[in-house]
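Chemist: One structure coming up, written as structure tokens, with questions to follow.
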Amino acid sequence: MPLVSMNEFFPKARANKFAVGQFNMNNLEFAQATIQAAMELNSPLIFGVSEGALKYMGMEFTVAIAEAAAKKSGLPIALHLDHGSTFEVAMKCIRGGFSSVMFDGSHHSFEENIRLTKEVVKAAHAMGVSVEGELGTIGGVEDDISVDEENANLAKPEEAIRFYEETGVDCLAIAVGTAHGMYAGEPDIKFDIIRQVASAIPVPVVLHGGSGVPDQMIIEAVAAGVGKINVNTENQVALTETIRAVLAKDSKIYDPRKYLTPGRQAMYEVIKSKILLFGSNNQA
């Protein structure tokens, strides 16, 4: 089937209390691992593509890989711009074939974030494309985005509710104590903020920084109203550690398939476990 907007599966996720995983696509192996796990478990999914990954792969290859995965699988798959920095980048992705975009205006003032997000929503919705907004500042490092822990700030529930009401986004990422990258310790997730916001708006709350969050916290977050969870670093670590182990074992290997194949399998195992944890299996 063709690529779909996230609204193809968000109402079902909310009704059945599961979350759809956003698994970032950084090359062909990431896409293959994700689609293999999703097909096996009959799960909807979101391919997340950051601006850095888009620059690395190129628009044409990025869209072609996602479209091929959707056609092969028959699953509802959204191709989603992750942390889009400007209106222009979001429009470029929509014109290129993305079915969903995120506009991250969290570094702007609250009022400016609303104004800019509204512009993206108006244009994207006219094209049948879903939009994710962000409120609060999520710490950690992802691609070119780096936020020190002391500069991260939690979303205020009353502002998050107003943000949704004024922008009409299709899902809302709010800073609740998670971070991009892997955690040095255990994250301190503010479930009360998730519950307060999720109970007041009709669209899913998004949890960024899903890599390395303890399973029980994920289960509690989904129960509180999280309907989209982003996973990237955990797959990158699984791939890289596996490649390192293969090359350390046999320094004479030079065929990339000899180390990318086990690396892809390692990511498949991660993604399969996340789909089961998020409860999106058999929900396609």
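Chemist: For the range 218-264, evaluate the Debye formula with one uniform point scatterer on each Cα (no solvent term) and list log10 I(q)/I(0) at q = 0.16, 0.19, 0.29 Å⁻¹, rounded to two decimals.
Modeler: So the normalised log intensities are -0.55, -0.63, -1.00.
Chemist: Beyond 30 Å between alpha-carbons counts as too far, so tell me which of Lys72/Lys272; Lys190/Lys274; Lys228/Lys249; Lys55/Lys272 fall in that bin.
Modeler: Lys228/Lys249
Chemist: Given +1 on the Cβ of Lys and Arg, -1 on the Cβ of Asp and Glu, and no further charges, what dipole in debye does the range 6-278 carry about its Cα centre, rounded to the nearest 20?
Modeler: Roughly 1060 debye, rounded to the nearest 20.
Chemist: Mind pulling the angle between the C-alpha long axis of helix 233-249 and the longest principal axis of the chain? Nearest 10 degrees, somewhere in 0 to 90.
Modeler: Here the helix axis deviates by roughly 10 degrees.
Chemist: Rounded to the nearest 500, what is the 222 nm mean residue ellipticity of the chain from helices alone, with -39500 (n - 2.57) per DSSP H run of 4+ residues and division by all residues?
Modeler: Estimated from H runs of four or more residues: -15500 deg cm²/dmol.
Chemist: Determine Rg/Rh for the range 6-278; Rg is computed over alpha-carbon atoms and Rh is the Kirkwood hydrodynamic estimate from the same atoms.
Modeler: 0.96
Chemist: Turning to a different aspect of this structure: Put one equal scatterer on each alpha carbon of the range 180-250, apply the Debye formula with no solvent term, and list log10 I(q)/I(0) at q = 0.16, 0.18, 0.24, 0.27 1/Å to two decimals.
Modeler: The Cα Debye sum returns log10 ratios of -0.62, -0.72, -1.04, -1.19.
Chemist: Then there's this: Largest first, how would Lys190, Lys118, Lys17 line up by accessible area (1.4 Å probe)?
Modeler: So the residues, ranked largest to smallest area, are Lys17, Lys118, Lys190.
Chemist: Something else about it: Nearest 10 degrees, 0 to 90: what angle lies between the long axis of helix 28-41 and the longest principal axis of the chain (Cα atoms)?
Modeler: In the chain, helix 28-41 runs at an angle near 80 degrees to the longest axis.
Chemist: Separate question: Helix 59-73 sits at what angle to the longest principal axis of the chain, using alpha carbons and giving 0 to 90 degrees rounded to 10?
Modeler: For 59-73 against the chain, the angle is about 80 degrees.
Chemist: Order of 238-250, 38-50, 263-275, 105-117 by packing, highest average Cβ count within 10 Å first?
Modeler: Output ranking for 238-250, 38-50, 263-275, 105-117: 38-50, 263-275, 105-117, 238-250.
Chemist: Right, something else. ³J(HN,Hα) across the range 168-178 via Karplus (A = 6.51, B = -1.76, C = 1.60, θ = phi - 60°), whole Hz, x for Gly/Pro?
Modeler: Each residue of the range 168-178 in turn: x, 5, 8, 6, 9, 7, 10, 6, 10, x, 7 Hz.
Chemist: Using a Förster distance of 41 angstrom, determine the FRET efficiency expected from the C-beta separation of Leu276 and Lys252, and round it to 0.05.
Modeler: With R0 = 41 Å, the Cβ-Cβ based efficiency is 0.65.
Chemist: Say the dipole of the range 6-278 comes from +1 at the beta carbon of Lys and Arg and -1 at that of Asp and Glu; which of Leu277, Thr261, Gly209 then lies farthest toward its positive end?
Modeler: So the residue we want is Thr261.
Chemist: Keeping all protein chains in position, work out how much accessible area Met91 exposes to a 1.4 Å probe, and write it in Å² to the nearest 10.
Modeler: Result for Met91: roughly 20 Å² accessible.
The values are calculated or read from the model by the stated rules, or taken from the named source; none is laboratory data. Remember, it's a predicted structure, so these values are computed and weren't measured experimentally. Positions of Cβ are backbone-derived with ideal geometry, glycine not excepted, and every protein chain shown enters the neighbour counts. For the accessible areas, the whole protein counts, side chains as well, though only heavy atoms, and no ligand, DNA or RNA atoms are used. Shrake-Rupley method; radii C 1.70, N 1.55, O 1.52, S 1.80 Å.
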